[in-house]
Amino acid sequence: MEQLMADLKKQIIEALNLKHLKPEDIGDDQALFVEGLGLDSIDALELIVLLQQHYNIKLANPQDGPQIFKSVRTIAEYIQANKPS
Amino acid sequence: MALGITRYSRIKDRTLVRQGEVVHTGADGSFDDFLDNALKALNIAYPKFYKMDRAAKLGFLGTEMLVNNTAVLSGYEPARVALVVANAHASLDTDIRYFETTKTMASPALFVYTLPNIVIGEICIRHGIKGENACFVLPAFDAQQLHDYVTMVMATEKTQACVAGWVDVLGDQHDVFLYLVEKKQQHINALEHTAEQLQKLYEHYGTVDGRS
């Protein structure tokens, strides 16, 4: 889980062009949207692409996005629960 | 009412020029590195900059040099500032990069920049500009057309100032010339707003000394 979250932080910075941040700047439970990291709706789409590209996971129901993309930890938990075997 | 060019900036050959003075140059590294380093050189913290495409970054940097971190425009109501930008390559630089991503996984972040007028949106968001705006795609820099359109926009009582100019990029080839037009009576040292003056500023790398 810890390694997965560390990988995710690097991938999020790369995919979303967050060049002003380092992985250690992103807390495991920090909110990613609005008052947290300040991500927007286009970033949410990029996160969906990231899941597909790196983990071969297609978001079955986009309505679940806000819960899944709440923080790095919730994304990691979703990946662990849904990663193809 | 007479109009004056009160500020101007130029970005060409990886060099940022403000009012004729070089403020940053960066020959080393990639063109994208140059753009990101230019932001740091101007001492600006604006995380969204890194998400922008090259055209938006160039327009952003050129405008920052014009308005000094919004201070110059702070005297105007947002709806009284206009923005007129032209270029030759529309959004082709980003269109090509977006097309490449469609071969694997189309990038939403690139897709949103596949319009030539997005640069205007980014500048408006940064500086709170809410006035008239227009984006033209022209074969080449056309001082007369820019002059005529800006003159028309400034003829309305509503518009008090206009950021205008040329923001063109394709690959590493870039050419930016932006200027601020204001009603001249309050700016006695302003350059005359004429097509000839614009052409001169554009051609002379922003270092023209012919003040009116």
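Screening A:ARG73 with (1) at pLDDT 95 or above; (2) open to solvent by less than 60 Å² (accessible area, probe 1.4 Å) gives one miss only, at (2).
The set of residues in segment B:133-156 being surrounded by 20 or more Cβ atoms within 10 Å (Cβ to Cβ) and either among the charged types (D, E, K, R) or without any contact (Cβ under 8 Å) to a residue 60 or more places away in the chain (or both) consists of B:HIS147 alone.
Yes/no per residue for (1) away from chain B (no Cβ under 11 Å); (2) at negative phi; (3) at pLDDT 90 or above:
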residue	(1), (2), (3)
A:LEU8	yes, yes, yes
A:ILE13	no, yes, yes
A:LEU18	no, yes, yes
A:GLY38	no, no, no
A:ILE42	no, yes, yes
A:TYR55	yes, yes, yes
A:ASP64	yes, yes, no
A:PHE69	yes, yes, yes
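Check segment A:14-37 and report whether any residue there is within 29 Å of B:ILE44 (Cβ to Cβ), open to solvent by 30 Å² or more (accessible area, probe 1.4 Å) and touching a Phe, Trp or Tyr at 6+ places or on another chain (Cβ under 6 Å). Scanning segment A:14-37, I find at least one residue that is within 29 Å of B:ILE44 (Cβ to Cβ), open to solvent by 30 Å² or more (accessible area, probe 1.4 Å) and touching a Phe, Trp or Tyr at 6+ places or on another chain (Cβ under 6 Å), so the answer is yes. Within segment B:114-159, being under 20 Å from B:GLY4 (Cβ atoms), assigned to a helix (DSSP H, G or I) and β-branched (Val, Ile, Thr) holds for B:VAL150, B:THR151, B:VAL153. Number of residues in segment B:89-123 that are more than 14 Å from every other protein chain (Cβ to nearest Cβ), of a type outside the set (A, V, I, L, M, F, W, C), touching a residue at least 60 places away in the same chain (Cβ under 8 Å) and open to solvent by less than 20 Å² (accessible area, probe 1.4 Å) equals 1.
For B:ASN37, the requirement of being open to solvent by 60 Å² or more (accessible area, probe 1.4 Å) and away from chain A (no Cβ under 14 Å) is not met.
When segment B:1-15 is filtered for residues that are part of a strand (DSSP E or B) and either aliphatic (A, V, I, L, M) or surrounded by fewer than 23 Cβ atoms within 10 Å (Cβ to Cβ) (or both), the ones remaining, listed by number, are B:LEU3, B:GLY4, B:ILE5, B:THR6, B:ARG7, B:ILE11, B:LYS12, B:THR15.
Residues in segment B:16-32 that are open to solvent by 30 Å² or more (accessible area, probe 1.4 Å) and among the small types (Gly, Ala, Ser): B:ALA27, B:GLY29, B:SER30.
Being within 14 Å of another protein chain (Cβ to nearest Cβ), closer than 21 Å to B:ALA106 by Cα and assigned to a helix (DSSP H, G or I) is a property that holds for A:LEU51.
The values are calculated or read from the model by the stated rules, or taken from the named source; none is laboratory data. Note that the structure is predicted; figures quoted are calculated from it, not measured. A quick note on method: Cβ atoms are made from the backbone with ideal geometry, for glycine too, and the neighbour counts reach across all protein chains shown. For the accessible areas, the whole protein counts, side chains as well, though only heavy atoms, and no ligand, DNA or RNA atoms are used. Shrake-Rupley method; radii C 1.70, N 1.55, O 1.52, S 1.80 Å.
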